[in-house]
1. From the alpha carbon gyration tensor of the chain, can you work out the equivalent ellipsoid semi-axes (sqrt of 5 times each eigenvalue) and give them in Å, largest to smallest?
2. Under the rule a/c < 1.5 gives rounded, and otherwise a/b versus b/c splits prolate from oblate, where does region 257-321 land using the Cα gyration tensor?
3. So, in nm, how far is label SER210 from label GLU130 when the simple model puts each one 7 Å beyond its Cα toward the Cβ?
4. On a 0 to 90° scale, report how tilted helix 225-234 is relative to the longest principal axis of the chain, with both axes built from alpha carbons and the result rounded to the nearest 10.
5. What number comes out for the charge environment of VAL170, summing +1 per Lys or Arg and -1 per Asp or Glu over other residues with Cβ under 12 Å away?
6. Please compute the length gained on full extension between ALA236 and ARG104, using 0.36 nm multiplied by the number of residues separating them and subtracting their Cα-Cα distance.
7. Considering only C-alpha atoms, what is the centroid distance from region 165-180 to region 197-271, in Å?
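Read-outs: derived from the displayed coordinates by stated rules, not from any lab. Given the structure is predicted, the values throughout are model-derived calculations rather than measurements. In this analysis, Cβ positions are derived from the backbone assuming ideal geometry, glycine residues included, and neighbour counts consider all displayed protein chains.
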Amino acid sequence: MLSRIAESLYWMGRYVERAENTARLLGVNYIAMAEAPLVPGASNIVTEQWAPLLDLTDDQDSFREHHGRADAGSVIAWFTTDRDNPGSIASSLAVARENGRTLRGRISTEMWEALNSAYLELCTGEAVTEDDLSSYCSRARATGQLFAGIADASLVRDQGWYFLRAGALVERSDNTLRALQLRFRHGGREAPVAAGLEAHRSMALLRSLSAYEAFRRDSPEPPNANSMAAFLLLSANLPRSVRYCADMLTTIGSELEVRNHGRGDGFVRDARWLSARLGRVQDVRVIVEDEEPGLEELLEDVADLSSCMAATYFPPAPGST
């Protein structure tokens, strides 16, 4: 497979997943604020929970340049329709659609139609208001799920399928780790007030990753910070856990290595290493408290996976720098 085709498929998978993940976080943050319990002596603790979302992208400087103050209106705009933010829903879907346009012969007609319809519906209208946010996020989530379902049902399991899936899984791992990082950074259990909201915030994060019902089937107790983190990091069966994604990336890397006559063994080793690191953790506090490894280090492992994929399969075009 030509490297440019493989790269377009990989990034199409990543950007569709990114749009869906962003919609999940925005929608659940909105609902969590509306449903947050009242804590005596802490009337303002959940009144401004939009600014912390900026930590997910590590791009606060660019946001401040374009919007200044981080309030509900500016943060919602930044993550939904603002094209100055390369990680917004509109920007992500636009890039995914452009990749799809160049791959019309490699993807099914239904996949292209799903991307094109989502672009016209979600990326070309007016700015999203707080009142419209829930509906907008629902449509964006549905787009990602529809696209993934059509791809699963219509694509031949060749190299193109594996690159598309690898992109989605790398993006999903990154998103889960950043969401956990945000949760522990802004919901530390040292503060008594934060402790009073621990179960609520843990439930909100599980819902943002479509993992709440699965968690309740797995555990009869209400979620707390540690049990929620253990489920999202270490579960071998949850499709959005980091370990599950690492296991699947190991399988995908092995398939690509075989189909490319041994090329790609570095990616397989990196994916297997991440899977093994998580598989041998017995207590999630090793990660969230002792940081051996910490969330930041695991994020670096995921970034290394993406870099290894690019270096192995997406070499620069001749003459490029």
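1. 32, 25, 17
2. Oblate.
3. Spacing of the two 7 Å Cα→Cβ label points: 2.9 nm.
4. Compared with the principal axis, the helix lies near 10 degrees.
5. Net charge around VAL170: -2.
6. So the chain would gain 44.0 nm between ALA236 and ARG104.
7. 9 Å
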